[in-house]
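The values are calculated or read from the model by the stated rules, or taken from the named source; none is laboratory data. What you are looking at is a predicted structure, and each value in this text was computed from that prediction instead of being measured. All Cβ positions, even for glycine, are placed from backbone atoms using ideal geometry, and neighbour counts span all protein chains on display.
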Amino acid sequence: MNGPPHVLNWQFGWLLVLAAFTTGAVMGLSFHREEFLGGYNSFRRRLVRLGHIALAALGMMNVLFALSPWPAPGSSSGRAASFCFIVGGVAMPVVCFLTAWRTGFRHVFALPVTALVLAVLFTCFGGQS
């Protein structure tokens with residue numbers, strides 16, 4: 001069996017999934033407390049949950065991209081898509097956690113969103129001549 005075409009995204013994706021499991025376990029130790037992070041419907045608690053889910057979902061997206069033969073791993077589109085998936089995979093949960101800490105960080109959401117949109121565009125259109 002051959003390895004995945006985009007090895008870095010494979011490794012990074014599984015690392016994000018592991019981070020999701022770890023953060024979920026740590027947060028789960030306090031979720032039983034009604035007042036944890038301001039209560040169930042608080043902005044802070046919602047953002048922390050979103051950051052945790054972003055780790056898992058973007059980890060899976062990186063693994064899925066890692067298995068994709070298109071765009072070719074050595075191509076400029078393949079490298080760009082790989083890079084953007086990694087940047088988005090790091091930036092989205094970090095911005096979620098930072099925004100839960102200080103709401104002013106919400107203005108930085110454009111960075112991970114842009115990276116992920118570009119990743120998808122490079123993936124979808126990268127193999128076309």
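Scan the range 18-77 residue by residue and report those that are under 16 Å from residue 123 (Cβ atoms), crowded, with 18+ Cβ neighbours inside 10 Å and aliphatic (A, V, I, L, M).
58, 61, 63, 66
From the list 66, 91, 57, 100, exactly one residue is over 25 Å from residue 25 (Cα atoms), of a type in the set (A, V, I, L, M) and out of contact with any strand residue (DSSP E or B) (no Cβ under 6 Å at 6 or more places or on another chain). Which is it?
Result: 66 is the single residue among 66, 91, 57, 100 that is over 25 Å from residue 25 (Cα atoms), of a type in the set (A, V, I, L, M) and out of contact with any strand residue (DSSP E or B) (no Cβ under 6 Å at 6 or more places or on another chain).
Within the range 36-59, does at least one residue satisfy the condition of being over 22 Å from residue 110 (Cα atoms), of a type in the set (A, V, I, L, M, F, W, C), at pLDDT below 95 and part of a helix (DSSP H, G or I)?
Yes, some residue in the range 36-59 is over 22 Å from residue 110 (Cα atoms), of a type in the set (A, V, I, L, M, F, W, C), at pLDDT below 95 and part of a helix (DSSP H, G or I).
Could you say which residue among 45, 79, 33, 49 is among the charged types (D, E, K, R) and within 16 Å of residue 118 (Cα to Cα)?
79
Which is part of a helix (DSSP H, G or I) and at negative phi, of 88, 74?
Details: 74 fails: part of a helix (DSSP H, G or I).
None of the other options fit; the residue is 88.
I'm trying to understand the selection: among the residues of the range 78-108, which are surrounded by 15 or more Cβ atoms within 10 Å (Cβ to Cβ) and aromatic (Phe, Trp, Tyr)?
83, 85, 97, 105
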